1. Could you list all residues from region 292-310 that are polar (S, T, N, Q) and open to solvent by less than 10 Å² (accessible area, probe 1.4 Å)?
2. Taking region 395-427 as the search range and keeping residues that are under 18 Å from Phe366 (Cβ atoms) and assigned to a loop (DSSP other than H, G, I, E, B), which one is nearest to the chain's Cα centre (by Cα)?
3. Being under 21 Å from the mean Cα position of the chain (by Cα), within 25 Å of Lys424 (Cα to Cα) and either outside any helix (DSSP H, G or I) or among the hydroxyl-bearing types (Ser, Thr, Tyr) (or both), is that true of even one residue in region 297-314?
4. Could you check how many residues of region 377-394 are modelled with pLDDT under 90 and part of a loop (DSSP other than H, G, I, E, B)?
5. Do any strands (runs of 3 or more DSSP E) lying entirely in region 129-237 carry at least 1 residues that are under 20 Å from Asp49 (Cβ atoms) and at pLDDT 70 or above, and which ones are they?
6. So in region 404-438, with the set limited to residues that are open to solvent by less than 40 Å² (accessible area, probe 1.4 Å), at pLDDT 90 or above and in contact with a strand residue (DSSP E or B) (Cβ under 8 Å, 6 or more places away or on another chain), which one is nearest to Pro359 (Cα to Cα)?
7. Could you grab me the full set of residues in region 12-28 that are open to solvent by less than 30 Å² (accessible area, probe 1.4 Å), part of a loop (DSSP other than H, G, I, E, B) and not hydrophobic (A, V, I, L, M, F, W, C)?
8. Starting from region 336-356, keep only residues that are in contact (Cβ under 8 Å) with a residue 24 or more places away in the chain, then list their pairs with residues that are open to solvent by 20 Å² or more (accessible area, probe 1.4 Å) and in a helix (DSSP H, G or I) whose Cβ atoms are within a distance under 9 Å, requiring at least 6 positions of separation or different chains.
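The values are calculated or read from the model by the stated rules, or taken from the named source; none is laboratory data. Everything quoted here is computed from the prediction, not taken from an experiment. Virtual Cβ from ideal backbone geometry, glycine too; neighbours counted across all protein chains shown. Note: areas computed on protein heavy atoms with side chains; ligands, DNA, RNA excluded. Shrake-Rupley method; radii C 1.70, N 1.55, O 1.52, S 1.80 Å.
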Amino acid sequence: MKENIPKVAIVGRPNVGKSTLINRICQKNEAIVHKEPMITRDRKYYKADWNGKIFYLLDTGGIDLKSKHRIDIQVFLQTKKAIDESDIIIFMVDLKEPVSPLDEEIAVILRKTDKEIIFTGNKYDDKKGNLYIEDFLKFGFGYPIKISAMHGINTGDLLDELVSKFKEYSTDIREYEEKVVPGICILGKPNSGKSTLFNAIIKDERAIVDEVEGTTRDSIDSIVNINNRNYKFIDTAGLRRKKDKRGDLEYYSELRTIRSIENSDISLVLIDCSKEITVQDLKIVETCIKKGVSICIIFNKIDMVDEDTIGNIVNMFDQKLKFADYIPFLKVSALTKKGIENIIKMIDKLIIERNKKIPDSKLTNFFKELDQKEIGIYFKGKKFKIKFIRQIKTSPPVFLIFSNMDAKRRVNIRRYIENNIREKFGFMGTPLYFKFKY
């Protein structure tokens, strides 16, 4: 994006309260907060404002420089990118704990940058308790701004200090009213290739990709400009079967995924061609339909199986998806990027279909012509007739129908109307909704 909005990275060791501060500033539970360390793994962007000044917050994973685990190394690389990318850095420490070697190592990294550093001490919620404020002076950043992200103590002072450094930026929130950017959610079971596809589309290593299931714990979004058009892509945590044993962390990750679906226009549902289709794959599709999201099925990992296997999986899924045969399919390899260009073309088609508006006269005349034919739906010997039909909403399309009988609970009538609308007017990939009056 070409917005001249400052980026502010929040950096610190694990569990100092970075995500809690994000939620405090954004005034909603955007970031997952949990007692388990290293919950935030990818770098995430949140748009925030203070006193009419707008900025991006970059939430980062807690840095653990001594860990040799691959996932921790990738977390550090993501944090390093956030530091390089940011204009201002909030360096956060825990005032209730003594200076740790890890705090010192992070301070060394930050002193080598040419970025503005705002030194912040969190957990300042018990002024009579043992606090280690003086110990942190050796970092050379002066006294930390003392805050409690949990309780909101002095967070206004922190934000005042932050926005005072925005002088060189044009950050008036009135200049950046949100433009309509279609949201595209990438869904699938754990380890189906969501993060690999996300990175392939946005052409950046934003999401951490690892062979371990459940690497993505939160939803990550990125606005990408393709052919002079903006798209917001959202990588999500994998949706598991309900009977799987889950801790509360997995529960909150799933809530974030459901919220991402609700805030999206289109869902790309990934199916792993190297594994068997399960009920969970279909449940993900059903969830998208219930939430009114347009859908494209992406058969991923076609580089790992032969043509016959791909054909069998596609045919099998097609049979299981008879209840929503308006949903298109694509075959790709996120790893080799084969077929990726077709995804953007499909997204553009789905956006058009989703926002299609059919004039009242066309709809009413179409169903009058159908009524004059012998075909139709009968209930207790009485033929169902549409007196008037109007499309009252787009994205997703909703139709108001005045008829000669109560059809709210008649599934066959709904199916009759939907099938005829789709055959005549399209609406590929998007669910249709109906409101009946008589």
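1. Across region 292-310, the qualifying residues are Ser294, Asn300.
2. So the residue we want is Pro397.
3. Among the residues of region 297-314, at least one is under 21 Å from the mean Cα position of the chain (by Cα), within 25 Å of Lys424 (Cα to Cα) and either outside any helix (DSSP H, G or I) or among the hydroxyl-bearing types (Ser, Thr, Tyr) (or both), which makes the answer yes.
4. So the count comes out to 5.
5. Working: elements: 183-188, 220-226, 229-235.
Result: 220-226, 229-235.
6. Ile421
7. The answer is Gly12, Arg13, Pro14, Gly17.
8. Thr336/Ile302; Thr336/Asp303; Lys338/Ile302; Lys338/Asp303; Gly339/Ile302; Lys356/Phe425
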